[in-house]
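FYI, it's all coordinate maths here, none of it is from the lab. Note that the coordinates shown come from a computational prediction; the quantities given were computed from them, not determined experimentally. All Cβ positions, glycine included, derive from the backbone under ideal geometry; neighbour counts span all protein chains shown.
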Amino acid sequence: MAKALIQMALDSLDFDQTIALAEQVAPYVDILEIGTPCIKYNGLELVTALKSKFPNNLILVDLKTMDAGEYEATPFYEAGADICTVLGVSDKATMGGVIKAANANNAEAQIDLISVKDKKAVATEAARNGAQIIGVHTGLDAQAAGQTPFADLKDIASLNLGVRISVAGGLNKNTIQDTVRAGATIVVVGAAIYGADSPAEAAKELRALVDAA
Ligand SMILES: O=C(CO)[C@H](O)[C@H](O)COP(=O)(O)O
């Protein structure tokens with residue numbers, strides 16, 4: 001079985017801090033994610049900068065698109081995004097637009113199941129419509145209310161959709177191996193890396209745990 005990928009969520013608003021953090025963690029992670037607040041604050045210029053500085057990492061832009069899928073996502077793919085996210089609560093046409101833009105740029109679309117009521121139904125239809133990645137995601141506000149992504153991961157993994165499953169929502173060194181064993185093929189980590197005394201050491205430790213899972 002292929003090793004799971006680690007995705008680092010760059011959730012700072014500051015352009016230079018984002019680049020500096022990426023420099024520390026890039027050797028240990030596969031995907032550099034420009035978080036939603038960060039991409040809104042910094043825009044396309046940050047995609048271009050990360051793409052040129054980190055050619056060995058995939059770049060995910062967490063657009064969380066809600067409308068005008070193809071129109072919104074296309075410039076980000078053209079700037080070098082390997083993956084853009086679109087909300088699973090959006091219209092089927094919106095998700096289809098991001099999938100179309102991804103395919104036109106040899107890239108991938110991720111459907112984010114955050115706040116979706118019937119996650120199994122949306123994931124099944126999205127996979128049928130060509131989405132390459134399904135994102136099981138407990139957002140920061142839901143985490144603050146005590147929620148975790150693990151029950152949702154079990155539900156989505158049980159569908160055997162043949163697409164990659166990304167999991168985000170407060171993952172850390174205590175939960176990351178069980179998350180991989182439960183079917184995640186991409187594990188997303190934000191606070192457990194950027195909040196550590198040494199983000200590089202934290203990322204290195206997570207790399208070892210994921211590779212051993
Ligand atoms: O997309 C996000 C919030 O919407 C975060 O980037 C994602 O949840 C990962 O961060 P953390 O590990 O701190 O939960």
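State the extension gain, in nm to one decimal, for the chain segment bounded by ALA104 and LYS120, taking 0.36 nm per residue of separation less the distance between their alpha-carbons. Please list the in-between numbers first.
Details: separation 16, 0.36 × 16 = 5.76 nm, distance 2.71 nm.
Between ALA104 and LYS120, full extension yields an extra 3.0 nm.
If you count, for each residue, the other Cβ atoms within 10 Å and average over each peptide, how do 38-51, 71-84 line up from highest to lowest? Intermediate results must be reported in sequence, preceding the final value.
Details: 38-51: 17.4, 71-84: 21.0.
Most protected by this proxy first, the peptides run 71-84, 38-51.
For region 1-72, state the average projected area of the convex hull of the C-alpha atoms over all orientations, rounded to one decimal in nm². Don't skip to the end; give the middle numbers.
Values: hull surface 22.2 nm².
Computed as one quarter of the Cα hull surface, the answer is 5.6 nm².
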Given points 7 Å out from each Cα along the Cα-Cβ axis, report the ALA151 to LYS92 separation in nanometres with one decimal. 2.8 nm
Electrostatic dipole magnitude of region 1-107 [Cβ: Lys, Arg +1; Asp, Glu -1; Cα centre; debye, to 20]: 280 debye
Within region 5-212, how many Lys pairs sit with Cα atoms under 23 Å apart, leaving out pairs fewer than 8 places apart on the same chain? 25
I need the phi-derived Karplus couplings for region 2-19: 6.51 cos²θ - 1.76 cosθ + 1.60, θ = phi - 60°, integer Hz, Gly and Pro marked x. 5, 5, 5, 8, 9, 10, 9, 8, 8, 10, 6, 8, 7, 4, 5, 5, 5, 5
Would you calculate, for the chain, the mean residue ellipticity at 222 nm contributed by helices, counting each DSSP H stretch of 4 or more residues as -39,500 (n - 2.57) and dividing by all residues, to the nearest 500? -13000 deg cm²/dmol
Restricting attention to the alpha-carbon atoms of the chain, what are Rg (one decimal) and Dmax (integer), both in Å? 15.7, 43
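Once the piece of chain linking LYS173 and ALA191 is laid out straight, how much longer is it, given 0.36 nm per residue of separation minus the C-alpha distance between them?
Working: separation 18, 0.36 × 18 = 6.48 nm, distance 1.14 nm.
Extra length available between LYS173 and ALA191 comes to 5.3 nm.
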Cα to Cα, under 15 Å, and not fewer than 8 places away if on the same chain: which aspartates and glutamates meet these conditions relative to LYS3? ASP30, ASP178, ASP211
How are the C-alpha pair distances of region 85-152 spread across 10 Å bins, as whole percents from the shortest bin up? 22, 50, 23, 5
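What's the ranking of 190-201, 97-108 by average number of surrounding C-beta atoms within 10 Å, highest first?
Details: 190-201: 16.1, 97-108: 20.3.
Averaged packing, sorted descending, gives the order 97-108, 190-201.
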Among PRO27, PRO55, PRO37: highest mean-square fluctuation, GNM of the chain, C-alpha pairs under 10 Å: PRO55
